Amino acid sequence: MEYLNQFHKESTERKLKRIARLKKQPVSYENALKQVNEMYERIEKLYPEKNK
């Protein structure tokens with residue numbers, strides 16, 4: 001693969017390593033749903049005026 005610059009190379013390598021790691025440990029539907037719900041709860045706490 002040809003890279004634009006050093007940052008692009010390092011960024012792409014990190015992404016590929018993360019994808020490989022995630023393939024080894026897939027997230028169950030229940031865990032994914034829990035993570036999404038926790039994210040929305042944090043957003044609601046940070047930006048309460050947007051949830052009116």
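The values are calculated or read from the model by the stated rules, or taken from the named source; none is laboratory data. Computed from a prediction, not measured in an experiment: that's the story for all the values here. Note: ideal-geometry Cβ built from the backbone for every residue, glycine included; neighbour counts use all protein chains shown.
Among the residues of the range 42-52, what is the count of those that are in a helix (DSSP H, G or I) and modelled with pLDDT under 90?
Residues flagged as in a helix (DSSP H, G or I) and modelled with pLDDT under 90 within the range 42-52 amount to 4.
Taking the range 25-34, which residues are surrounded by 10 or more Cβ atoms within 10 Å (Cβ to Cβ) and either in a helix (DSSP H, G or I) or among the basic types (K, R) (or both)?
Matches in the range 25-34: N31, A32, L33, K34.
Based on what the data block shows, is E44 surrounded by 10 or more Cβ atoms within 10 Å (Cβ to Cβ), charged (D, E, K, R) and more than 17 Å from the chain's Cα centre (by Cα)?
The answer is yes for E44.
Yes/no per residue for (1) part of a helix (DSSP H, G or I); (2) touching a residue at least 12 places away in the same chain (Cβ under 8 Å); (3) of a type in the set (K, R):
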site: Y3; (1), (2), (3): no, no, no
site: H8; (1), (2), (3): yes, no, no
site: K17; (1), (2), (3): yes, no, yes
site: K23; (1), (2), (3): yes, no, yes
site: V36; (1), (2), (3): yes, no, no
site: Y40; (1), (2), (3): yes, no, no
